[in-house]
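First up is the structure itself, then whatever we jot down about it.
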Amino acid sequence: MLYDLANTVYAATLTYLLTPFAKQELGDLRAFGLVSLASMVLAGLLVPVLGAFADQTARAGRYLTIATLLCIGAIAGLGLDAGGNVLLLCFFVANVTYNTGLLFYNMLLPSVATAGREGRLSGIGTGLGYIGTLAVLSTLMPLDVAERTRFPLAALLFLATAAPCLLWVRDRRAPRTGSSAQAVRDAVADLRRTLRELPRHRAMAWFLLGNFCLLDVINTAILYFADFTRSVFAANARDGTLVWLGTTLHGDDGLLTLVMHLGVLLNTLALVFGIAQGVWADRAPLAVLRASGVALALALGLGAWFGGNNTLGYAAALGVCGAFGLAGVQTAGRKVVVLLAPPDRVGSYFGLYGITAKLSVLGSAVYGFVEFHAGAKPAMLAQGVQLLLGLGCLAMVRIPASASPPAATAER
């Protein structure tokens with residue numbers, strides 16, 4: 001659960017610290033969006049092989065430690081005063097290692113959860129993980145230090161929250177026999193087998209496509225939340241019409257206050273929703289995913305409608321609909337993989353699941369270019385296309401009766 005917290009420390013660092021800082025350093029977010037896309041494509045290409053390899057060696061905990069430490073070093077490097085190219089390089093390395101680390105972390109779920117309770121544990125971890133964002137908002141953003149100094153501090157916070165998992169959680173599966181070289185060959189063969197079999201596993205194929213689309217929207221929203229909020233309310237802050245909870249906010253300081261308050265609201269509600277949805281996800285994970293997709297669609301539409309016009313409406317759209325969708329997709333997705341994947345090949349299918357998470361950054365590249373040419377609202381509304389496609393794919397998913405959790409047969 002603490003590693004889930006570490007995950008959101010990283011996500012909050014990108015959202016609230018790095019994206020505004022990168023826009024300031026680079027001038028616009030086009031290069032930043034392309035680097036985000038490239039890093040996730042590389043991670044997406046790596047995770048299936050790494051997942052199959054970890055199945056062979058049963059050393060997911062060790063690989064998680066290596067990936068996490070590399071990511072922490074790259075986060076600290078974001079604070080170097082060495083130009084925009086170094087900033088983009090550190091972001092690239094951090095994003096690749098963070099997302100490959102998530103594969104190994106997800107693979108440890110069956111080692112720490114009893115059968116039938118994976119969704120509940122996943123939900124608790126997802127919910128408590130949002131404390132990581134609250135920690136960044138409450139400790140790092142208010143600090144009266146240079147912006148570059150915040151990145152090494154974020155790296156230390158990541159290390160502190162990830163350390164218990166790295167030290168004490170181990171993959172409980174028995175390793176398969178053979179040398180490391182043989183394990184690599186077997187991993188590649190296992191991946192090919194999984195890909196060949198995927199068309200016959202229609203439920204898994206539709207789920208992976210739908211998950212890709214939903215996560216594309218989530219990853220874009222997470223990355224650009226702070227920049228979007230600043231953009232749509234910038235004119236209000238200049239004109240003295242930015243009112244939040246009866247207080248008029250002015251200038252950049254006012255925008256920063258609004259972003260911090262909305263971030264606290266969003267992540268507090270996501271914490272509550274994540275814990276509550278865990279129990280629901282054990283019984284009806286597909287229902288959680290579908291409801292989360294609808295909630296994300298409402299968040300996009302209402303966020304664009306109220307953005308720049310009504311701070312309370314904007315807060316309600318993000319805090320209720322956005323938080324529900326954000327927590328639900330992450331909580332239920334892992335449970336669906338556990339239900340649909342053969343027990344001895346969980347890592348292989350989590351590798352494919354990882355592809356949907358890693359390659360779901362087309363939206364971030366689209367956002368960067370649309371925002372540059374047409375503005376923030378069209379850029380965010382453009383995410384609605386893949387969201388509707390994702391909901392259509394999820395409508396095609398059926399969980400087999402033999403894999404259904406208790407009381408989940410109504411989803412068939």
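Where a number appears in this text, it was derived from the coordinates with a stated rule and is not lab data. Everything numeric in this text was worked out from a predicted model, so none of it was measured. So basically every Cβ, Gly included, is an ideal-geometry build from the backbone, and we count neighbours across all protein chains shown.
Below 8 Å, C-alpha to C-alpha, sequence gap of six or more: please give me the relative contact order for the chain in percent.
Averaging sequence separation for qualifying contacts and normalising by length gives 29 percent for the chain.
For the chain, which DSSP H helices look membrane-span-like by this rule: Cα extent along the axis of 30 Å or more and mean Kyte-Doolittle of at least 0.0?
Once both thresholds are applied, what remains is 30-57, 84-107, 202-239, 251-283, 285-306.
Largest first, please: the extent of the C-alpha atoms of the range 220-287 along each principal axis, to the nearest Å.
If we take the Cα atoms of the range 220-287, the spans are 50, 26, 15 Å.
GNM, the chain, Cα, under 10 Å: largest mean-square fluctuation among Gly325, Gly33, Gly73?
Comparing Gly325, Gly33, Gly73 in a Gaussian network model of the chain, the most mobile one is Gly73.
What order, most packed first, do the peptides 37-50, 384-397 have when packing is the mean number of other Cβ atoms within 10 Å of each residue?
Values: 37-50: 20.7, 384-397: 17.7.
Ranked from most to least packed, the peptides come out as 37-50, 384-397.
What does the C-alpha gyration tensor say about the overall shape of the range 1-48? Classify as rounded when a/c is under 1.5, otherwise prolate if a/b is larger than b/c, or oblate.
Verdict is oblate for the range 1-48.
Relative to 2.2 N^0.38 Å, what does the C-alpha radius of gyration of the chain come to as a ratio? Two decimals please.
0.95
Which of Thr97, Thr241 has the fewest other C-beta atoms within 10 Å, and how do the rest follow up to the most?
Exposure proxy ranking, most exposed first: Thr241, Thr97.
Considering the Cα trace of the range 276-323, what is its radius of gyration and what is Dmax, both in angstroms?
Looking at the range 276-323, its Cα Rg and Dmax stand at 12.7, 40 Å.
I need the shape label for the range 28-89. Rule: rounded when a/c is under 1.5, else prolate if a/b > b/c, else oblate, with a, b, c from the alpha carbon gyration tensor.
Verdict is oblate for the range 28-89.
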